[in-house]
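Here is the structure we will look at.
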Amino acid sequence: MSAVEGVDPARSRVFGEVAEAYDASRPGYADALVSQVLAYADLGGRPALEVGAGTGKATVQFAGRGVPLTCVEPDPRMAEVLRRNAAPYPHVRVEVGGFEEWEAAGRRFGLLFAATCWHWFAPERRWDLVHDALVPGGAVALFWNPHGVLDPEVYEELADVDRRFGVTGSPHGVPAATFGDEPGQGGEPFWPAGECRADGRFTDLTAFRYRQETRYGTERYLGFLASISSYRVLSAERLDGVLAETAKVLDARGGGIDMLHVSDLFLARRRA
Ligand SMILES: C[S@@+](CC[C@H](N)C(=O)[O-])C[C@H]1O[C@@H](n2cnc3c(N)ncnc32)[C@H](O)[C@@H]1O
């Protein structure tokens, strides 16, 4: 989520402060994306590992398909909401900790997935960690939810608000028209294909882009913004100011915002 989040590790632990708002306002992922991941991984009943599970936005989508899941999440406040969301699925296990510290304890998985969080894992170690967590032939699925503003005038007005408040990343920081059909293009500076190819231990690299249009009501949209790291690092005064000005722009047009909601998926397989 490019325009949304950066790679500064200090920003990676800000989500728990707003775990409930995060859960209430953030979007999930395209159902077709979940189907594609499962078809590619061909688990045949084997378990999957989810890293950076947050409050379980992707977790429940995979758990609902019957996949046995181990979920790793470092923030105890996010993990608490995750446990609640996963409660209907006894085949979901939650382990609190960062990916870098996680103890595999001899376990290997047929699928590892990470939703909107690959960019938070230590760049120099993440491919080793993925490789070691997978059985030979196991699949890795990395996905994000970039957004674009459908109305160019709304985009311009919100860009002006962001400039005034020094916001450097926002889901409305990109006009929808800039998204083509190529996965990773237009919204995702952390796109992992280059790194994965250079690593050399993975094969069958492929990618997909799913597009849908979503309308956020003003309140939900402000909750979404307030859950994003680039907003969380603002002072309370600046945060209140930017949210109030954003609301003013949206409400002057009748409230809410129409967004292109893209789900970008990257897939690869550990060489056998
Ligand atoms: C933007 S949230 C995404 C959460 C969830 N996957 C989703 O799709 O809504 C990023 C998540 O990554 C987690 N995270 C940050 N650094 C991590 C690390 N080193 N290892 C595992 N998870 C991490 C954060 O605590 C947070 O829950």
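Quick note: the coordinates plus some simple rules give every number you see, no bench work behind them. The model shown is predicted, which means the values in this text are computed figures rather than measured ones. Glycine gets a Cβ as well: all are built from the backbone with ideal geometry, and neighbour counts include every protein chain shown.
Panel order for Leu205, Leu222, Leu69, by other beta carbons found within 10 Å of each beta carbon, from fewest to most: Leu205, Leu222, Leu69. Stretching the chain fully between Arg164 and Ser235 yields a gain of 24.1 nm (0.36 nm per residue, less the alpha carbon separation). Spacing of the modelled spin labels on Thr214 and Ser35, each 7 Å from Cα toward Cβ, amounts to 1.9 nm. Placing a label point 7 Å from the Cα of Asp151 along the Cα-to-Cβ direction, the residues of region 169-185 whose backbone N falls under 19 Å of that point are 171-178. For region 95-238, the C-alpha radius of gyration sits at 1.24 times the compact-globule guess of 2.2 N^0.38 Å, with N the residue count.
In this label model, Gln185 and Lys248 are separated by 3.8 nm, measuring between points 7 Å along each Cα→Cβ vector.
The trypsin sites (Lys or Arg not before Pro) found in region 93-195 that occupy coil by DSSP, while having at most 13 further C-beta atoms within 10 Å, are Arg107, Arg125.
In the chain, the DSSP beta bridges split such that about 55 percent are antiparallel, to the nearest 5. Simple rule: put +1 on each Lys or Arg Cβ and -1 on each Asp or Glu Cβ in the chain, find the dipole, and look at Pro90, Ala159, Gly255; the Cα lying farthest toward the positive end is Pro90.
Its Cα centre serving as origin, region 9-270 has a Cβ charge dipole (Lys and Arg +1, Asp and Glu -1) of approximately 720 debye.
Taken over the chain, the alpha-carbon convex hull comes to 116 cubic angstrom per residue. Seen from Leu205, the other residues with C-beta closer than 9 Å to its C-beta sum to a net charge of +1, counting Lys and Arg as +1 and Asp and Glu as -1.
Legend: calculated FRET efficiency, Arg108 to Thr203, from the Cβ-Cβ distance at R0 = 25 Å, rounded to 0.05, equals 0.90. Relative to the 2.2 N^0.38 Å rule of thumb, region 83-179 has a C-alpha radius of gyration ratio of 1.51. For region 179-244, the pair-distance distribution built from all alpha carbon pairs, in bins 10 Å wide starting at 0, is 16, 29, 30, 20, 6 percent.
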